[in-house]
């Protein structure tokens, strides 16, 4: 079922650096990535029905970081539609000796906790859960495969909490690179280029059924 948006819909995006995109330095507090693209496309398509868009991505975040700031950055803002895009750092940081990741069991339990807390506090909210995208890391060749259980976890949690949509990003990036290896989809194997952000925005809008009408 499509998620309908209108001029009073409060649409909140939360996640890591891929969502962040320097939104705090941006005059509009939207950032320069896929969140802006979604906001702009919805506004251009139907200005009268364009939703209120809020960005609460923070670079470097993992599920444990979201848990710590969930009340402030989600519940207190009372969104109508909540888009969650998290998981890259939970795997990536676990590969580096000077960083701490989040194992799959902790990822699932932490993710479940924030969704349950949200459902309890905001029973009207519609969830949009985004798959972690890709980890194309030459120094960690197994990283992308290590991400797959986290991708599956997003789908399992989406079913458990009757999410309004799941945004398929992992395979989308893989297919895009396979079809056009000459196009730079990420800057470093993790962070999307502008084209990569456009891919995320496109898949996001497709997943929710197009948005405003």
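Values quoted throughout were computed directly from the atomic coordinates according to the rules given, and no laboratory measurement underlies them. Not measured: the values here are computed from a predicted model. When we count neighbours, we look across all protein chains shown, and the Cβ atoms used for this are built from the backbone with ideal geometry, even at glycine.
Looking at the range 48-207, the DSSP beta bridges with both ends there are about 10 percent antiparallel.
Stokes-Einstein diffusion for the range 66-113, with the hydrodynamic radius set to the Kirkwood value over Cα pairs and evaluated at 25 °C in a medium of 0.890 mPa s, equals 203 µm²/s.
When you restrict to C-alpha pairs under 8 Å that are six or more residues apart and normalise by the size of the chain, the relative contact order lands at 25 percent. In the chain, Rg over Rh equals 0.94, where Rg is the alpha-carbon radius of gyration and Rh the Kirkwood radius from pairwise Cα distances. At q = 0.09, 0.14, 0.21, 0.23 Å⁻¹, what log₁₀ I(q)/I(0) does the range 23-124 have when each alpha carbon counts as one equal point scatterer in the Debye sum? Log-scaled intensity ratios, in q order: -0.28, -0.65, -1.17, -1.25. Under a Gaussian network description of the chain, with springs only between Cα atoms under 10 Å, the residue in 174, 76, 113 that fluctuates furthest is 76.
Taking 158, 116, 179 as the candidate residues, the one with maximal mean-square fluctuation in a Gaussian network model of the chain, Cα springs under 10 Å, is 179. Estimated from helices alone, the mean residue ellipticity of the chain at 222 nm is -12500 deg cm²/dmol (sum of -39500 (n - 2.57) over DSSP H runs with n ≥ 4, per residue).
Ordering 59, 17 by the number of other Cβ atoms within 10 Å of each residue's own Cβ, fewest first, gives 59, 17. Taking the Cα atoms of the range 65-167, the ratio Rg/Rh between the radius of gyration and the Kirkwood radius comes to 0.99. When peptides 130-136, 184-190 are ranked by their average number of other Cβ atoms within 10 Å per residue, the highest-first order is 130-136, 184-190.
In whole Å, what is the distance between the alpha-carbon centres of the range 148-202 and the range 118-145? Computed from Cα coordinates, the inter-centre distance equals 9 Å. For the options 49, 178, 106, a Gaussian network treatment of the chain with springs between C-alpha atoms closer than 10 Å singles out 178 as fluctuating the most.
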